[in-house]
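Single-structure report; data block below.
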Amino acid sequence: MLTLPIKRKWYEMILTGEKKEEYREIKPYWAARLAYHMQISAFDDGVFPVKFINGYGKKSPAFNALVTCSIGTGKTKWGATAEKEYFILKIKEIKKC
C-alpha cells in the first residue's frame, strides 16, 4: 500500500469530507510509485488503496482511503498552485486504520 504523508490541515479536511483530492507533483518519483499501484489496480476500475498519515512516526494519526489517479490542474483552495498540473488522487472512500 502506498503511504502518503500530508499536513494536518489537509488531513482533517479529507476526513471531514471537505477536501476530495490530494495532489502530488508530476516528477519521476511519484510517477514510478503511482504507476506501480495503478497497474496493480487495473482490474479494479483503477481504484487502489492509499494510507494517508499526518507525520512520520509510528503513532502519527492515519487513515486508509480508496483512490483513483489522474493528471490535471488542482484546486487552489486545496493546496494546488494555479494552472499547474499534478497527479490528482481522487478520494473515493475513507476507511479508518
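At-a-glance table
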quantity	calculated
Residue-averaged [θ]222 nm for the chain, counting only DSSP H segments that reach four residues, each worth -39500 (n - 2.57)	-7000 deg cm²/dmol
Range in the chain, longest, excluding exposed GluC sites (Glu not before Pro) [loop by DSSP; at most 13 other beta-carbon atoms within 10 Å]	19-82
Within the range 2-96: Cβ-based charge dipole about Cα centre, in debye rounded to nearest 20 (Lys, Arg +1; Asp, Glu -1)	480
In the range 15-69, the chymotrypsin sites (Phe, Trp or Tyr not before Pro) that fall in loop regions by DSSP, at most 14 other Cβ within 10 Å	Y56
Loop trypsin sites (Lys or Arg not before Pro), the range 1-87, which have at most 10 other Cβ atoms in a 10 Å radius of their Cβ (DSSP)	K58, K59
Residue with peak Gaussian network fluctuation, the chain [Cα springs, cutoff 10 Å], from P28, P49, P61	P28
Three-way shape label, the chain, alpha-carbon gyration tensor, a/c 1.5	rounded
Selection from T81, T16, C69, by position along the positive dipole direction of the range 2-96 (Cβ)	T16
Cross-link pairs beyond the 25 Å C-alpha cut-off, checked among K7/K90; K9/K95; K7/K27; K51/K92; K7/K84; K27/K58	K27/K58
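Any read-out appearing in this document is the output of simple, stated calculations on the displayed coordinates, not a laboratory observation. Remember, it's a predicted structure, so these values are computed and weren't measured experimentally. Here Cβ is always computed from backbone atoms with ideal geometry, including for glycine, and neighbour counts include all displayed protein chains.
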